[in-house]
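Report on the structure given below.
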2 protein chains.
Amino acid sequence: MSSSAIQLSSAAASSSFLSPSTFTTREPSASLRRRSPGICLCVASPPSEKTAYKTKVARNENMAKLQAGYLFPEIARRRSAHLLKYPDAQVLSLGIGDTTEPIPDVITSAMAKRAYALSMVEGYSGYGAEQGDKNLRAAIASTYYRDLGIEETDIFVSDGAKCDISRLQVLFGSNAKIAVQDPSYPAYVDSSVIMGQTGLYQKDIQKYGNIEYMRCTPDNGFFPDLSSISQTDVIFFCSPNNPTGSVASRDQLTRLVQFAKDNGSIIVYDSAYAMYISDDSPQSIFEIPGAKEVAIETSSFSKYAGFTGVRLGWTVVPKELLFSDGFPVAKDFNRIVCTCFNGASNIAQAGGLACLSPEGLKAMGDVVKFYKENAEIIVDTFTSLGFDVYGGRNAPYVWVHFPGRSSWDVFAEILEKAHMVTTPGSGFGPGGEGFVRVSAFGHRENVLEAAKRLKQLYK
Amino acid sequence: MSSSAIQLSSAAASSSFLSPSTFTTREPSASLRRRSPGICLCVASPPSEKTAYKTKVARNENMAKLQAGYLFPEIARRRSAHLLKYPDAQVLSLGIGDTTEPIPDVITSAMAKRAYALSMVEGYSGYGAEQGDKNLRAAIASTYYRDLGIEETDIFVSDGAKCDISRLQVLFGSNAKIAVQDPSYPAYVDSSVIMGQTGLYQKDIQKYGNIEYMRCTPDNGFFPDLSSISQTDVIFFCSPNNPTGSVASRDQLTRLVQFAKDNGSIIVYDSAYAMYISDDSPQSIFEIPGAKEVAIETSSFSKYAGFTGVRLGWTVVPKELLFSDGFPVAKDFNRIVCTCFNGASNIAQAGGLACLSPEGLKAMGDVVKFYKENAEIIVDTFTSLGFDVYGGRNAPYVWVHFPGRSSWDVFAEILEKAHMVTTPGSGFGPGGEGFVRVSAFGHRENVLEAAKRLKQLYK
């Protein structure tokens, strides 16, 4: 406890030990990502720094299993590197699926009004219910689940579907085994790894142990061959799909629900793009009879109202969904929400309520329509160039086949030659190899410019 | 896969199976909380409901370890029950620590402006950096950690300290062993249980197995006897403390840092009430030399600016903090933040930036001063009634001793006789038994009315 001992330790912890150039949280360097022990000491450094203090806390071995960076930060890193190389390039981003169009006035006005009201005694509110504002929960239930037997109390409002996916993984715990569509949104797999549900990454097959990868390809219409899928606890299923843009039909979802029931599995149905459906495919898993006994649904305002930065979503956990011992899943999820979360921002929730007003619904419909027009332009462009193109009709994503080529090579080619960011299909799982995902989120002029550059590149 | 089979299942899943009256997510009934298997079937029900479908997914055994409800929802439940009993009672809430005073104009104006800007092409933004807006990170670093060697890249902006506590637990994983002050904010223990770090709850001693409870009582000045504490991986330490309102001195924190260093532990320092410190106690653990090698700090705008509903906080993970294998803790936390979170709401972040402007800082100072005056009224009230009173001078919480009595009994007495909600000390751990926490968050007239009722009750 002597002060001299403390000063000694302090000296060893010089803040120059890890300089920003060798350690940047947002853009991990290749050497750091290799996870070699004592990585930071590989950098040429004065002898004193070799004795840097280490705690005795062991790194979480599940974290060590994760491969490279999470996909989208990795893409951002490559984009930044490209900009360093070509400082004057007009880089077009059809990559990470980030919305670009302004939020309709009716929605932002409601949020601004709520913000102002927080300055007044009568308008101020502190902690809201962890599960979300009662009116918003009721509005979500009546807007998206009318006549489906989903009630206000089944709805948990959140700061977004990605965050809820992790909370669901915490709910299921480390003994759960999951299945994912292959390819699929990376957060399902990465959160499963973090929770310790998986084995090590098997580099040769590009899969983690103890995850069931349900291959979705053009050959099976992007719906897995369920007869070849082994039993798992949880099936993550996204429709309209990210990244393939495919939508599951009523018949397919009926088979999925029956498959879950036969196996005793729980489906986590990601319907974040449901409003992009134009045909008669279900917009909710709860349109399928019996789904309330086997499914959770997670969704979001991000891609409907441009709320990617505002952060608002919801998860439906029906009271009919029971663990094997009969305990309601919703009760445990409620406990997770109350302990690990404190509700979405009240201002964002006011925006959500405005989204679900008649004017808000119309305005969201217009936003969705705009991005769907973009998707059509992208589909037409690649089709005219002779590519096999999937998705884009009921989804804001276009899935383009480059047979026999590496996704990352195609990504690099399009970035290098057309200054355009896309997303390599293999980033979504081994089933995405040979594909590139092109996002329809963009200003119209950029999408048209992208179409022009692509026609130049692949003419 | 036949449709008749599905219809059969659907019938078995009648949505009336669990009616709202027998299953409400927000207010668990006592019988549900007992976790008996098949609980819902205990309710008198037609025979057909006894065959309700159950999945084969096992309930996460860690969730089953949790006792009763999370403290604050449980208090809300009792408050509601009281209001049913006394519909006309003017119930005063000095319980859950919820802010009541309006947010200063300078801050709400910035949020409203940001909301409006999202409707304009030039003002719109989608996904922000998961770690938070660069300017906000820089402002937090320069406002609260100037000259302490904490940089912008060490700051992770979040939707609140409670949420970050859970993300930190996910970071450490199920093999970590934690220590907590006893009593302490319940989220540390409950999130540890959820992550599987603990043994079962031991009812006789009111502790979970494999957690080190560091007793904090008037006898030790609410600072634990470190010589009696066994080695753990993570030490949660909150100062100014919730619930005791005590603040650790520079000398005490120097000993804590040295203790962590001697044991190789990581301190998670919760400084959510640091702005309430009037004396020369440290407002950040990083004021202690060497702390960057052993500590993480989590904090929040909730109790400074009334952001309990707006949701904004931050966590500092210094680049100097290393796991036993030399891997930087911040790199793994960054991965958690990128995978399990998507950034705090951009509108809330605009508010945070306004909080840290010169006008915002002054306005927050006024808010804090107001609540501290409340605390003084509460301290004076109980003192005048002859109680031993702790806290309230550097914290918004007053910790009142009722020797030999059960905290819940005192809670019930004050609720029943004075229509006032407090928080039973035992809800914060066995070390809180015999105490009640009184929160200074309230309108002045309510605090004065509370003082009057208390003087009536305990005269």
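Suppose we keep only residues that are of a type in the set (S, T, N, Q) and within 30 Å of A:Phe301 (Cα to Cα) within segment B:312-361. Which one would you say is farthest from the other protein chains (Cβ to nearest Cβ)? Can you show your working first?
To start, the set of residues in segment B:312-361 that are of a type in the set (S, T, N, Q) comprises B:315, B:324, B:334, B:339, B:342, B:345-346, B:349, B:357.
Now drop any that are not within 30 Å of A:Phe301 (Cα to Cα), which leaves B:315, B:334, B:339, B:342, B:345-346, B:349.
Details: B:Thr315: 12, B:Asn334: 4, B:Thr339: 5, B:Asn342: 5, B:Ser345: 4, B:Asn346: 4, B:Gln349: 9 Å.
Across segment B:312-361, the extreme among qualifying residues is B:Thr315.
Cβ-Cβ distance below 9 Å, separation of 6 or more or different chains: which pairs start in segment A:113-130 with a residue that is without any contact (Cβ under 8 Å) to a residue 60 or more places away in the chain and end on one that is of a type in the set (Asp, Glu)?
Every condition considered, the pairs that remain are A:Tyr116/B:Asp105; A:Ser119/B:Asp105; A:Val121/B:Glu101; A:Tyr124/B:Glu101; A:Gly126/B:Asp98.
For (1) crowded, with 19+ Cβ neighbours inside 10 Å; (2) modelled with pLDDT under 95, each residue gets a yes or a no:
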{"position": "A:Val410", "(1), (2)": "yes, no"}
{"position": "A:Ala418", "(1), (2)": "yes, no"}
{"position": "A:Gly427", "(1), (2)": "yes, yes"}
{"position": "A:Phe435", "(1), (2)": "yes, no"}
{"position": "A:Ala440", "(1), (2)": "yes, no"}
{"position": "A:Arg444", "(1), (2)": "no, no"}
{"position": "A:Gln456", "(1), (2)": "no, no"}
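Yes or no: segment B:290-306 includes at least one residue that is without any contact (Cβ under 8 Å) to a residue 24 or more places away in the chain and more than 19 Å from B:Gly132 (Cβ to Cβ).
The answer is no; no qualifying residue exists.
For the subset of segment A:130-147 comprising residues that are out of contact with any helix residue (DSSP H, G or I) (no Cβ under 7 Å at 6 or more places or on another chain) and surrounded by 19 or more Cβ atoms within 10 Å (Cβ to Cβ), which member is nearest to A:Pro282 (Cα to Cα)?
Of everything passing the filter in segment A:130-147, A:Tyr144 is nearest to A:Pro282 (Cα to Cα).
Among the residues of segment B:168-186, count how many are facing another protein chain (nearest Cβ under 7 Å), surrounded by 24 or more Cβ atoms within 10 Å (Cβ to Cβ) and either touching a helix residue (DSSP H, G or I) at 6+ places or on another chain (Cβ under 7 Å) or within 27 Å of B:Gly434 (Cα to Cα) (or both).
The total comes to 2.
Out of all the residues in segment A:431-457, which are in contact (Cβ under 8 Å) with a residue 24 or more places away in the chain and either charged (D, E, K, R) or closer than 14 Å to A:Pro403 by Cα (or both)?
Taking segment A:431-457 first, the residues in contact (Cβ under 8 Å) with a residue 24 or more places away in the chain are A:431-444, A:446-451, A:453-457.
Within segment A:431-457, A:Gly431, A:Gly432, A:Glu433, A:Gly434, A:Phe435, A:Val436, A:Arg437, A:Arg444, A:Glu449, A:Arg453, A:Lys455 qualify.
Give the residue that is nearest to the chain's Cα centre (by Cα), with candidates limited to residues of segment B:123-148 that are of a type in the set (D, E, K, R) and more than 9 Å from chain A (Cβ to nearest Cβ).
First, the residues of segment B:123-148 that are of a type in the set (D, E, K, R): B:130, B:133-134, B:137, B:146-147.
Subset that is more than 9 Å from chain A (Cβ to nearest Cβ): B:133-134, B:137, B:146-147.
Working: B:Asp133: 24, B:Lys134: 26, B:Arg137: 22, B:Arg146: 26, B:Asp147: 28 Å.
Looking at the filtered set, the residue picked out is B:Arg137.
Suppose the filter is touching a Cys at 6+ places or on another chain (Cβ under 9 Å), surrounded by fewer than 24 Cβ atoms within 10 Å (Cβ to Cβ) and either of a type in the set (A, V, I, L, M, F, W, C) or closer than 19 Å to B:Gln169 by Cβ (or both); does B:Phe301 pass it?
Values: touching a Cys at 6+ places or on another chain (Cβ under 9 Å): yes; surrounded by fewer than 24 Cβ atoms within 10 Å (Cβ to Cβ): no; either of a type in the set (A, V, I, L, M, F, W, C) or closer than 19 Å to B:Gln169 by Cβ (or both): yes.
No; evaluated as a whole, the condition is false for this residue.
Could you grab the pairs with beta carbons closer than 6 Å, sequence gap of 6+ or different chains, first residue in segment B:378-392 and closer than 19 Å to B:Asp219 by Cα and assigned by TED's automatic domain parsing to the domain that holds B:Gly432, second one exposed (fewer than 15 other Cβ atoms within 10 Å of the Cβ) and modelled with pLDDT under 95?
none
Which one is farthest from the other protein chains (Cβ to nearest Cβ) among residues in segment A:262-281 that are free of Cβ contacts under 8 Å to residues at least 40 places away in the same chain and farther than 19 Å from A:Gly313 by Cβ?
Filtering segment A:262-281 for residues that are free of Cβ contacts under 8 Å to residues at least 40 places away in the same chain and farther than 19 Å from A:Gly313 by Cβ, the one farthest from the other protein chains (Cβ to nearest Cβ) comes out as A:Asp280.
Just name the residue that is nearest to the chain's Cα centre (by Cα) out of those in segment A:371-424 that are of a type in the set (Gly, Ala, Ser) and farther than 16 Å from A:Phe435 by Cα. Can you show your working first?
Of all residues in segment A:371-424, those of a type in the set (Gly, Ala, Ser) come to A:375, A:384, A:386, A:391-392, A:395, A:404, A:406-407, A:412, A:418.
With farther than 16 Å from A:Phe435 by Cα added as a condition, the list becomes A:375, A:384, A:395, A:418.
Numbers: A:Ala375: 19, A:Ser384: 30, A:Ala395: 15, A:Ala418: 26 Å.
Applying the filter and picking the extreme gives A:Ala395.
With (1) at pLDDT 95 or above; (2) within 30 Å of A:Asp164 (Cα to Cα) as the list, and B:Cys338 as the residue in question, which single condition is left unmet?
(1)
Does B:Ile165 qualify as being of a type in the set (Val, Ile, Thr), within 13 Å of chain A (Cβ to nearest Cβ) and either surrounded by fewer than 21 Cβ atoms within 10 Å (Cβ to Cβ) or part of a helix (DSSP H, G or I) (or both)? Outline the logic, then answer.
Values: of a type in the set (Val, Ile, Thr): yes; within 13 Å of chain A (Cβ to nearest Cβ): yes; either surrounded by fewer than 21 Cβ atoms within 10 Å (Cβ to Cβ) or part of a helix (DSSP H, G or I) (or both): yes.
Here the answer is yes, as B:Ile165 does meet what is asked.
Take the conditions touching a strand residue (DSSP E or B) at 6+ places or on another chain (Cβ under 8 Å), of a type in the set (Asp, Glu) and surrounded by fewer than 18 Cβ atoms within 10 Å (Cβ to Cβ) and apply them to B:Asp388. Does it pass? Steps first, please.
Numbers: touching a strand residue (DSSP E or B) at 6+ places or on another chain (Cβ under 8 Å): yes; of a type in the set (Asp, Glu): yes; surrounded by fewer than 18 Cβ atoms within 10 Å (Cβ to Cβ): yes.
So B:Asp388 fits the description; yes.
I'm checking my understanding of the structure. Among residues of segment A:342-360 that are in contact with a helix residue (DSSP H, G or I) (Cβ under 6 Å, 6 or more places away or on another chain) and within 30 Å of B:Gln67 (Cα to Cα), which one is surrounded by the fewest Cβ atoms within 10 Å (Cβ to Cβ)? Don't jump to the end; show me each part of the working.
Of the residues in segment A:342-360, the ones in contact with a helix residue (DSSP H, G or I) (Cβ under 6 Å, 6 or more places away or on another chain) are A:342, A:345, A:347, A:349-356, A:359-360.
Those left that are additionally within 30 Å of B:Gln67 (Cα to Cα): A:342, A:345.
Working: A:Asn342: 25, A:Ser345: 31.
That would be A:Asn342.
Quick one: in segment B:58-83, which of the residues that are over 20 Å from B:Val193 (Cβ atoms) and of a type in the set (A, V, I, L, M) is nearest to the other protein chains (Cβ to nearest Cβ)?
Going through the qualifying residues, I end up with B:Ala76.
Conditions first: (1) more than 10 Å from chain B (Cβ to nearest Cβ); (2) over 14 Å from A:Tyr144 (Cα atoms). A:Tyr304 passes all but one, so which condition is the exception?
The failed condition is (2).
Test B:Met120 against the stated conditions and say whether it is under 30 Å from B:Ser357 (Cβ atoms), surrounded by fewer than 21 Cβ atoms within 10 Å (Cβ to Cβ) and not polar (S, T, N, Q).
Yes, satisfied.
Looking at B:Lys203, B:Lys207, which one is without any contact (Cβ under 8 Å) to a residue 60 or more places away in the chain and among the charged types (D, E, K, R)? Before you say what the answer is, go through the steps one by one.
On the way: B:Lys207 fails: without any contact (Cβ under 8 Å) to a residue 60 or more places away in the chain.
The match here is B:Lys203.
The values are calculated or read from the model by the stated rules, or taken from the named source; none is laboratory data. Not measured: the values here are computed from a predicted model. Glycine also receives a Cβ, built like all others from the backbone with ideal geometry; neighbour counts cover every protein chain displayed.
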